[in-house]
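Derivation of every value follows stated rules applied to the coordinates shown; laboratory data play no part. Computed from a prediction, not measured in an experiment: that's the story for all the values here. Every residue, glycine among them, receives a Cβ derived from its backbone with ideal geometry; neighbour counts consider all protein chains shown.
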Amino acid sequence: MSPAGAGRRPLISGNWKMNLDHLEAIHAARDLGLRLQPADVAPVDVSVHPPFTDIRSVQSVLEGEGIPVALGAQNCAVEDSGAFTGEVSPVMLAKLHVEYVIVGHSERRAHFAETDAVVASKLRAVLRNGMAPICCVGETVDERDIGLTQERLTAQVTAALTGLPAEDVAAMVVAYEPVWAIGTGQAATPEDAQEACAWIRGVVAQVAGEEPATQVRIQYGGSVKADNTASLMACTDVDGLLVGGASLDAAQFTDIVRAASRGGR
Ligand code: PGA
């Protein structure tokens, strides 16, 4: 529905999940900094999303060594402060110069009972604190098998975005992450990824308006590797990638960033 790329700057994000302690994270961030060349990041934005206990250490490495990678988080609390034992406030993340926060990852929806309503509240908490949410949506294999993919995406995107100002929607990121593709080695085909991302953009247009729908960045995530990056990034409505397993290895993640930056967008 939108012209190829439409001026949207791709975002390649590495979701480290619950991997790498703070010493390993320092090493991984340094390794990435040594590998990434200015030309690799000239046409794309890159973010890494370490576990909470690593964020301060990774911030120091990225800022201290001038590494052109944005800091991200994998989750945050709904509230800014208070009696919420074990939670991490979005205010605290913003203070550490976190720029992107993943919200509603399917692992959080499945293992931590995050509902669409919780996801919507977290998304607002991230925006309220001046960061960009990466809001994850995607169907399970059962939903896909009975033809419910579009219905599921519509419901998740509508629940997350309804009522948000157009400028907030324009500044955020939506990640299409089919649950069956996460950690399975079975990535969506470029055709499937394009169809789903175009559908999501259409839902954003209905919920928030045409203008933010043209500006919102939509990532694909699920078994992204260096060898499927170029074909996924060639899709008109795919504006970036959310990479799990392959982002843990600086060499592999650099290859993905490179393939994306050469991806003809
Ligand atoms: P994967 O994970 O790349 O390991 O499939 C993607 C994600 O969960 O964001």
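If T162 satisfies all but one of (1) among the β-branched types (V, I, T); (2) within 20 Å of V103 (Cα to Cα); (3) within 14 Å of the ligand (Cβ to nearest atom); (4) surrounded by fewer than 17 Cβ atoms within 10 Å (Cβ to Cβ), what's the number of the condition it fails?
With respect to (1) among the β-branched types (V, I, T); (2) within 20 Å of V103 (Cα to Cα); (3) within 14 Å of the ligand (Cβ to nearest atom); (4) surrounded by fewer than 17 Cβ atoms within 10 Å (Cβ to Cβ), T162 is out only on (3).
For the range 250-265, which positions are surrounded by fewer than 24 Cβ atoms within 10 Å (Cβ to Cβ) and part of a helix (DSSP H, G or I)?
Those that are surrounded by fewer than 24 Cβ atoms within 10 Å (Cβ to Cβ) and part of a helix (DSSP H, G or I): A250, A251, Q252, T254, D255, R258, A259, S261.
Does R201 count as more than 12 Å from the ligand (Cβ to nearest atom) and touching a Lys or Arg at 6+ places or on another chain (Cβ under 7 Å)?
Spelling it out, it is not the case that R201 is more than 12 Å from the ligand (Cβ to nearest atom) and touching a Lys or Arg at 6+ places or on another chain (Cβ under 7 Å).
Could you look through the range 130-159, keep only residues that are touching a Cys at 6+ places or on another chain (Cβ under 9 Å) and hydrophobic (A, V, I, L, M, F, W, C), and pick out the one that is farthest from V98 (Cα to Cα)?
Within the range 130-159, the match that is farthest from V98 (Cα to Cα) is V157.
Being surrounded by fewer than 20 Cβ atoms within 10 Å (Cβ to Cβ) and more than 12 Å from the ligand (Cβ to nearest atom) is the filter; apply it to the range 227-245 and report the residue that is farthest from W199 (Cα to Cα).
D227
If you go through the range 205-249 one residue at a time, how many are part of a loop (DSSP other than H, G, I, E, B) and not β-branched (V, I, T)?
Matching residues across the range 205-249 total 11.
Filter the range 165-189 for residues that are part of a helix (DSSP H, G or I) and more than 16 Å from the ligand (Cβ to nearest atom) and give the result.
Hits for the range 165-189 are A166, E167, D168, V169, A170, A171.
Residues in the range 246-262: is at least one within 29 Å of G147 (Cβ to Cβ) and more than 16 Å from the ligand (Cβ to nearest atom)?
So far as the range 246-262 goes, no, none of its residues is within 29 Å of G147 (Cβ to Cβ) and more than 16 Å from the ligand (Cβ to nearest atom).
Conditions first: (1) touching a helix residue (DSSP H, G or I) at 6+ places or on another chain (Cβ under 6 Å); (2) more than 30 Å from A117 (Cα to Cα); (3) surrounded by 15 or more Cβ atoms within 10 Å (Cβ to Cβ). E65 passes all but one, so which condition is the exception?
(3)
Given A251, A213, A198, which one is touching an Asp or Glu at 6+ places or on another chain (Cβ under 6 Å), on the phi < 0 side of the Ramachandran plot and in contact (Cβ under 8 Å) with a residue 60 or more places away in the chain?
After ruling out the rest, the residue left standing is A198.
Restricting to the range 67-95, count the residues that are of a type outside the set (V, I, T) and touching a residue at least 24 places away in the same chain (Cβ under 8 Å).
Matching residues across the range 67-95 total 14.
Only residues that are within 16 Å of the ligand (Cβ to nearest atom) and either more than 29 Å from M18 (Cβ to Cβ) or surrounded by 19 or more Cβ atoms within 10 Å (Cβ to Cβ) (or both): list them for the range 207-226, please.
Result: R217, I218, Q219, Y220, G221, G222, S223, V224.
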